[in-house]
Structures are given as structure tokens and as C-alpha cells.
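Enquirer: Okay, here's the structure, questions in a sec.
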Amino acid sequence: MIAELSKPSVYMKDPQRVQKTMESMLKAGSNTLQVISDFDMTLTRFSFNGKRCPTCHNILDNSKVISDDCKQKLDELLKTYYPIEIDTSLSVEQKLPLMVDWWTKAHELLVEQKIRKDLLATAVHESEAKLRDGYQLFFDHLHQHSIPLLIFSAGIGDILEEVIRQNGVFHPNVNVFSNYMDFDESGVLKAFKGELIHIYNKREGALLNTGHFQELRTRPNVLLMGDSLGDLAMADGVQNMENILKIGFLNDKIEERKQSYLDSYDIVLVEDETLDVPNAVLLYLTGNK
Ligand code: C5P
Ligand code: MG
């Protein structure tokens, strides 16, 4: 079908379904396609040279805008709650209130730090955040073909926008749903805007943004990309969906989680730090291959 699907990092429970879906999507044409992607650990790398890469939150946590005392508290939260996020022995119902606690406590700590808006760009610039290899082709190709890309993130919108801006790929076809910071008139963080988006309420987040999906109602074919099972709900607002192809990055706790990822995502990419497969799929869907 596509050479990249033979990469050793690629797993599929039902390759025939993948093929059929891609064929229908190709037939429908790229003017009926929209892409919905998670940000942290989906568009960004999970690790680089054996070291973990930061999420949006971690970019701030590790930066100069946070005091040492607060860094320690944020680190303790990460050490407590990240293992829960990826724990396969707990149900979503069990994890959900704990994830709300994590996000709420972390945001409260960030607000206490009186972070200045004008320091965010430097924090991103000095961070170790990295978009996955192949990001340029991914963003540029979508832009060239006028395919809308929705980045749907439980991270921090101001930070993720800065990451894609500094990488030169914040094109006009990109929309972002995320947690945005609210600054006072002197540019100091005073709160987070709107409803909190965390890892397990992307369905609610999608349904709050019906206007976006209404605008894209002539694009009933969806390429969805995520790294968490919570990301599967990102397309719940899509109207009259015809086909969806779901690509999941499995970065951590591989053996424990592989089966559930195979049951939920059409294509599972195991420890694959590149966008090679999504790019190959996009080239195919836009008739370039
Ligand atoms: O963009 P995405 O939806 O993936 O962002 C959520 C990620 O942010 C989660 O996978 C979680 O591990 C991470 N996170 C964090 N620090 C927090 C809250 C969430 O690193 N305080
Ligand atoms: Mg993610």
C-alpha cells in the first residue's frame, strides 16, 4: 500500500481496514479531508538521545520563569500523576478525578508564579522541546493543500503556539484548541481561560467548539493523530463523519499498552520519533504517491 507502513515501528490490527479507509479517503479527495492532532508527544518528540523531551507544561516547569521551590512542587506532581496517566490497571473513571487534580494543582502553582507573557518566547526558545522529525513536510504539505489542521491539546495553547511559531510552521490553516493563559493588563498571568481541557475530556472540549466543526462540515474525512487513548475523542465534534483513520503513537509502557492501542488506533507507531508514517499517508491521500 505505502512503503512506510512496512517500517518495523508500525503495528496494525487490521491492515485491510486501513487500506480500505485510505482508498475511500483518496477517492473522496483531499478537499474533503481534515486533520486533527494532539500536540504533546504526538507532534513533539517523546525522547531525544535517550532523554525525555518536555511537554508544554514541562517547558514552563523547567524554565527560568518558575522559582526553585515551585519547580520542586511541579516535579512532585509530575512524579505522582504521570504514572497514573499511563497506568493500565486503572480505568478512565478512576483516573479522571486524579487527572483533574493534577491539571488544577499545576495551573494554580503556575498562576502563583506571576509569569510574564513577554518571557514565554524565551522559555520556549531555551527549552528542549522538539517537533518530531518530518514536521516541516507535515505542516507545509497540509498548508499547500489547504487542509485544515486542528491541534487539540490538553497542554498550554500559548506555549504550543510559540513552539510551532519558532519552528516556522504556524501556517494559517492551523487552529488550536487548548488551555490558554489569561494575562492582566500589565501582562502577568492571572488565570487560565475557559473550561479546562485535560487528557480525558477532549470529547467535551470538542463539543464546546461546534462552530469550528460546522465550518468544516464539507470535510467529513478525518486523519486523527494522538498518543493517549483520551485523544480518540478529539473527533467527536466532526459532523457527518464518513471515514476516520487513527494513528496512535505508543511512546511509553509499550508491552502493557500495545493491545489496547491496537484495539483503538488503526495504525500504532511504537517508539517512532518521526512523522514519516503520517506524512506518507498524507502524500497518498493528496494523490502525490
Ligand atoms: O497536548 P496533550 O493533550 O498531549 O497534553 C497533555 C500532556 O501534558 C499529558 O500527556 C501530560 O502528561 C502532560 N502534562 C504535564 N504537566 C501537567 C499536566 C499535563 O506534563 N501539569
Ligand atoms: Mg499527548
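Just so you know, all these numbers are worked out from the coordinates, no wet-lab data involved. Source: prediction; values computed, not measured. Backbone-built Cβ (ideal geometry, glycine too); neighbour counts: all protein chains shown.
Enquirer: Where does the chain land at 222 nm, in deg cm²/dmol rounded to the nearest 500, when only DSSP H runs of n ≥ 4 count, each adding -39500 (n - 2.57), divided by all residues?
Expert: Taking each H run of at least 4 residues, the total per residue is -12500 deg cm²/dmol.
Enquirer: Using every pair of alpha-carbon atoms in the chain, split the distances into 10 Å bins beginning at 0 and state the percent of pairs per bin, rounded to integers.
Expert: In order of increasing distance, the bins hold 6, 29, 37, 22, 6, 0 percent.
Enquirer: How much FRET efficiency would the formula 1/(1 + (r/R0)^6) give for C70 and D14, where r is the Cβ-Cβ distance and R0 is 51 Å, rounded to 0.05?
Expert: Efficiency, from the Cβ-Cβ distance: 0.60.
Enquirer: Note down the magnitude of the dipole of the range 23-91 about its Cα centre, charges +1 on Lys and Arg C-beta and -1 on Asp and Glu C-beta and zero elsewhere, to the nearest 20 debye.
Expert: Result for the range 23-91 is approximately 260 debye, rounded to the nearest 20.
Enquirer: Where nothing but the Cβ of Lys and Arg (+1) and of Asp and Glu (-1) is charged, how large is the charge dipole of the range 163-289 around its Cα centre, in debye to the nearest 20?
Expert: Using only the charged Cβ atoms, the result is roughly 360 debye.
Enquirer: Quick check on the exposure proxy: order C56, C70 from fewest to most C-beta atoms within 10 angstrom.
Expert: Ascending number of Cβ neighbours within 10 Å: C70, C56.
Enquirer: A further question on this structure: Report, ordered by chain and residue number, the aspartates and glutamates lying within cross-link reach of K7, taken as a straight Cα distance under 17 Å and ignoring same-chain residues fewer than 8 apart.
Expert: Qualifying aspartates and glutamates at Cα under 17 Å: D133, D266, E271, D272, E273, D276.
Enquirer: Summing Lys, Arg as +1 and Asp, Glu as -1, what charge do residues with Cβ under 13 Å from the Cβ of K20 carry, K20 excluded?
Expert: Value of the local net charge: -2.
Enquirer: Using a Förster distance of 30 angstrom, determine the FRET efficiency expected from the C-beta separation of N240 and H171, and round it to 0.05.
Expert: Once rounded, the FRET efficiency stands at 0.70.
Enquirer: Find how many whole Å separate the alpha carbon centroid of the range 57-120 from the alpha carbon centroid of the range 193-256.
Expert: 23 Å
Enquirer: Relative contact order, percent, of the chain when contacts are C-alpha pairs under 8 Å separated by at least 6 residues?
Expert: Worked out over the chain, it gives 30 percent.
Enquirer: About its Cα centre, what dipole magnitude does the chain give when the only charges are +1 on Lys and Arg Cβ and -1 on Asp and Glu Cβ, stated in debye to the nearest 20?
Expert: 600 debye
Enquirer: Same structure, new question: Tell me, what is the FRET efficiency for D140 and L90 to the nearest 0.05, using R0 = 41 angstrom and their Cβ-Cβ distance as r?
Expert: For D140 and L90, the calculated efficiency is 0.55.
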